[in-house]
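Asker: Take a look at the following structure, please.
Read-outs throughout are calculated quantities, based only on the coordinates presented, and are distinct from any laboratory measurement. Source: prediction; values computed, not measured. We place every Cβ from the backbone using ideal geometry, glycine too, and count neighbours over all the protein chains shown.
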Amino acid sequence: MARRALPIVKQLVGRSSFDPHPLLGLGSRSVTYMPRPGDGSPRAVTLIPGDGIGPLVTGAVEQVMEAMHAPVYFEKYEIHGDMKTVPPEVIESIHKNKVCLKGGLSTPVGGGVNSLNVQLRKELDLYASLVNCCNLPGLPTRHNDVDIVVVRENTEGEYAGLEHEVVPGVVESLKVITKFCSERIAKYAFEYAYLNNRKKVTAVHKANIMKLADGLFLESCREVAKNYPSIAYSEIIVDNCCMQLVSKPEQFDVMVTPNLYGNLVANTAAGIAGGTGVMPGGNVGADHAIFEQGASAGNVGNEKIAQQKKANPVALLLSSAMMLRHLQFPSFADRLETAVKTVISEGKYRTKDLGGTSTTQEVVDAVIAALD
């Protein structure tokens, strides 16, 4: 499709309804998703409850999916962050189903135990992490008009895991940046912006210090940006980016980042827009996708929250709506998202992180009651 035809297409698909004969006033009918034969078949999804609050919030998703009669069913696997590796049967399940929903997996600090989250991303080549940080109606925050999408490279950088002790007391850790990975994450960010009617992509870097590594990342972003003349492109140094995020976050739209910076930027943006408990996200590659809480689940290992059963399920419920759209079930995704936002807006049922006292189950019951 020619790029110049895009505005016309957007006008057509962006309307919620149309009148085939507006001058005759014959009424309107809604424009709906037109499925291919077989699109409505129930889909298998690999489910990893995870650690800490993970079983609570994934259980919340299961209840809501059942209440909606959503055309998905779960293949559940028990994995915990202290395991040495992801069991082969779990990888096989995700390869088969193509889609996974997971709660947080705790990563031990130090001790040489690898992160299972990173293992999954590398094994499945989930090279793009996407976190949507936006204000929710009815949830007060210090900044309004925040709607930021952080697209983070997910497979290399400081997370390459290449470190060793040179001599006692001296550790060398390698940061790996490649043109291939930098180009494909830049392409994903610009394509996301193009398909979602976003206006601007900002590359986050530290090329003033890491001139070769982050310089290569910037060169790749600049080359890709030339192919999207309708999308504004800018660059910002990561430390200035953090300052700008907390002072004027509304200036950002889509942000594309190397691995470590993306983790920091996404969590900062999530905190500004309402907290990690309400931010959806996922990790996607060419063939597979894993949906989970968007920003780092800082309360994954909080035993008190788990014991009190007061974990916030909103982030994973919204991530599940993203998953339903990915599976081409848009009407179910819309129902779920609308119900969650209704509960947040009404403000009667909120967990402690949002200023309330509700339990996870009370929020789930409210969401189910709000389903249309």
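Asker: For an R0 of 30 angstrom, estimate the FRET efficiency from the Cβ-Cβ distance between Glu250 and Leu212 and round to the nearest 0.05.
Answerer: Approximately 0.35, to the nearest 0.05.
Asker: Moving to a separate point now. Hand me the chymotrypsin sites (Phe, Trp or Tyr not before Pro) from segment 31-100 located in a DSSP loop with no more than 14 other Cβ atoms within 10 Å, in residue order please.
Answerer: Passing both the DSSP loop test and the Cβ count: Tyr33.
Asker: Count the net charge of all other residues whose Cβ sits under 10 Å from the Cβ of Gly356, scoring Lys and Arg as +1 and Asp and Glu as -1.
Answerer: Counting the neighbours of Gly356, the net charge comes to +2.
Asker: To check you understand DSSP bridge types, tell me what percent of the beta bridges within the chain (both residues inside) are antiparallel, rounded to 5.
Answerer: Roughly 50 percent of the DSSP beta bridges within the chain come out antiparallel.
Asker: Let me ask something else. Suppose the chain between Ser230 and Ile368 were pulled fully straight at 0.36 nm per residue; how much longer would it get relative to their current alpha carbon spacing?
Answerer: Extra length from Ser230 to Ile368 when fully extended: 45.6 nm.
Asker: When the C-alpha atoms of segment 142-273 are aligned to their principal axes, what extent does each axis show, in angstrom, from largest down?
Answerer: 51, 36, 22
Asker: Restricting to Cα pairs below 8 Å that are 6+ residues apart, what does the relative contact order work out to for segment 88-148? Please round to a whole percent.
Answerer: It comes to 19 percent, rounded to a whole number.
Asker: Cut-off 20 Å, label point 7 angstrom out along Cα-to-Cβ of Glu172: give me the residues of segment 193-217 whose amide nitrogen falls inside.
Answerer: What the label zone holds, given the 20 Å backbone N cut-off, is 210-214.
Asker: Something else now. Starting from the Cα of Glu163, step 7 Å along the direction of its Cβ; do the same at Arg142; then give the gap between the two resulting points in nm.
Answerer: 3.0
Asker: I need the semi-axes of the equivalent ellipsoid of the chain: take the C-alpha gyration tensor, multiply each eigenvalue by 5, square-root it, list largest first in whole angstrom.
Answerer: Square roots of five times the eigenvalues give 32, 28, 21 Å.
Asker: Just subtract the alpha-carbon distance of Gln361 and Lys304 from 0.36 nm times their residue separation and send over the number in nm, one decimal.
Answerer: So the chain would gain 18.9 nm between Gln361 and Lys304.
Asker: Another question, then. For a quick check, take a GNM of the chain with Cα springs below 10 Å and name the residue from Val224, Val201, Val57 with the largest mean-square fluctuation.
Answerer: Fluctuation is largest for Val224.
Asker: May I pose another question? Given the -39500 (n - 2.57) contribution per DSSP H run of 4+ residues, what per-residue ellipticity at 222 nm results for the chain, rounded to the nearest 500 deg cm²/dmol?
Answerer: -12000 deg cm²/dmol
Asker: Give the peptides 148-156, 118-126 in descending order of average Cβ contacts within 10 Å, highest first.
Answerer: Peptide ranking by packing, descending: 148-156, 118-126.
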